[in-house]
Each structure stands twice: as C-alpha cells, then as structure tokens.
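Enquirer: What follows is a single structure, and I will ask about it in a moment.
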Amino acid sequence: MSEEEKNEAQGDAADADASAAGPVAEEESAPAEEESPEPEAQEPEPASDPDTPGSGAEDVSGGDSDDSDLPWKERRRLERSRRSGEARSQRSAEERAGERAEARRRAGVARRRYREAQRGKPGEPGSGTPEAEKHANPAKTRQGVVVSDRADKTITVRIDIARRHPTYEKVVRRSRTLHAHDERNEAGEGDIVRVIETRPLSRSKRWRLVEVIEKAR
C-alpha cells in the first residue's frame, strides 16, 4: 500500500470521528447555556397611592380610630383639626373681628334656645330651688363657778376647760370668765351655776343664769 493511500485512509477516519463527536459536543454545551439565562427586565412596582383603598399607606387623619371614649371637648378639638379649611382671600382685622362677633351672636342665640327648651315652655313659672329647711340651733349652756357678784343683777362666772392636747396627749386646763344676767340676785360668790346663751343684754352680757346647782359653804 502506498503512502498516499495511507494518508487518505487516515483522513477519512478523522472526518468520521469528527462527525460523530460533533452532535455530542453540541448537546453537552446546550445545558450550559440553559443554566445561565439572560436576566429579564423586571417591571417596577406601582407606588402606593394613599387615596386608593386597601393600600398600605397609613391613615394619618385617624378617622378610623374610635374616639367615643374621649371627652366631648377632646372629640370636638379633633374634629376641628381634621376639618380641611377652605382657601379664603386676605381679610382685614375689622372683617375678622366682625366674623367673630357674628359667630358669638349665633352661639348666644343657640344657647338661649337650648336653655329655654330645658326650662320648659316660655312664660310657664318654674319650680325653682326648694327652700332650705331651717333648723334652730340649740342655745349653748355652760357650767361654772361664780367668782364675783358685786354688780347688781350681774354675776361673773369662771368656766374651767380641760382638754387633751391633740399632739402631745397631755391634758391642758384653761379657764375663761363671762358675765351672766341674774335677775333676782340668787347666786353668790363660790356657787356652782349653769348659764345659757341669750341675746345681748348689755355691752358685756351675752349669758343668763338658769339655775344654781350648788351653793357655796
């Protein structure tokens, strides 16, 4: 066999090997391309609209919150703060003062109507406040010792007071004198008498002799 024939035979064998290996190489390279696909463009998410119902935006106004447990003044203040004001033209100080006066006048009219409705029909006399019951306080009575009977129809009585001190728990003894009216000059010096409070009888007499409990020995 000549060298040319050998070379042709080797070339044909190489071509057959290459043709057999071609599809396999393509099949092996295909998964590699599938594993790394090109990134697709992601669509941007729509921005949350606070006016759209069901959106995640919080309700700043707090309209959904339950204000029933708040005092009526607090509820009124919240309602006024949530109320959107209308755009108005520039006004002078006199115009603003006139508007305030008109608002006060309307509030006064509504207040008077409410009070008349609470009182009843106009012109109908109301019951008014019931008259308070008057209880006469009993006159004070004191018991003491006569220390002087020199004046006519007048005796000087010493009242001894013994009370326990609220802080030191010590018995504190005091005495005071008063002038009492003795119409028949019954009491003498040293007698134990009982006197009762009465209307002013003179500049210093506000007491009157009731009885002589014990005569002096």
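The values are calculated or read from the model by the stated rules, or taken from the named source; none is laboratory data. Worth saying up front: this structure is predicted, and the values here are computed from it rather than measured. Reconstructed Cβ throughout: ideal geometry from the backbone, glycine too, with neighbour counts over all protein chains shown. Just the protein is used for accessible areas: all its heavy atoms, side chains included, with ligands, DNA and RNA removed. Shrake-Rupley method; radii C 1.70, N 1.55, O 1.52, S 1.80 Å.
Enquirer: Once Rh for region 126-166 is found with the Kirkwood sum over Cα pairs, what is the Stokes-Einstein diffusion coefficient at 10 °C and 1.306 mPa s, in µm²/s?
Expert: Translational D for this selection: 105 µm²/s.
Enquirer: Sticking with this one: Report the trypsin sites (Lys or Arg not before Pro) located in region 171-211 that are in a DSSP loop and have at most 12 other Cβ atoms inside 10 Å of their Cβ, or state none.
Expert: Of the trypsin sites (Lys or Arg not before Pro), the ones in loops of region 171-211 whose Cβ has at most 12 other Cβ atoms within 10 Å are Arg184, Arg203.
Enquirer: Report the Rg/Rh value for region 87-217, based on alpha-carbon coordinates and the Kirkwood definition of Rh.
Expert: 1.55
Enquirer: Also: Provide, as a two-decimal number, the C-alpha radius of gyration of region 66-110 over 2.2 N^0.38 Å, N being how many residues it has.
Expert: That ratio works out to 1.55.
Enquirer: May I ask you to order 142-148, 93-99 by the average number of other C-beta atoms within 10 Å around their residues, highest value first?
Expert: The packing order, highest mean first, is 142-148, 93-99.
Enquirer: Is there a pair in Lys134/Lys205; Lys140/Lys170; Lys153/Lys215 whose C-alpha atoms are over 22 Å apart, and which pairs would that be?
Expert: Listed pairs above 22 Å: Lys134/Lys205; Lys140/Lys170.
Enquirer: Another question, if that's okay. Accessible area of Thr129, 1.4 Å probe, to the nearest 10 Å²?
Expert: 130 Å²
Enquirer: Okay, moving on. Counting only protein heavy atoms and a 1.4 Å probe, tell me what percentage of region 150-197's accessible area is made up of carbon and sulfur.
Expert: 44 percent
Enquirer: When only the heavy atoms of the protein chains count and the probe is 1.4 Å, how do Thr154, Thr141 rank by accessible area, highest first?
Expert: These residues rank, largest area first, as Thr141, Thr154.
Enquirer: Could you tell me the extents of region 150-202's C-alpha atoms along the three principal axes, largest first, rounded to whole Å?
Expert: Between the extreme Cα coordinates on each principal axis of region 150-202 lie 44, 25, 15 Å.
Enquirer: Tell me the GluC sites (Glu not before Pro) within region 174-217 that lie in a loop according to DSSP and have at most 15 other beta-carbon atoms within 10 Å.
Expert: In loop regions of region 174-217 (DSSP not H, G, I, E or B), the sparsely surrounded GluC sites (Glu not before Pro) are Glu183, Glu186, Glu189.
Enquirer: Also, quick follow-up: Please arrange Arg163, Arg75 by accessible surface area, largest first, computed with a 1.4 Å probe and ligands excluded.
Expert: Arg163, Arg75
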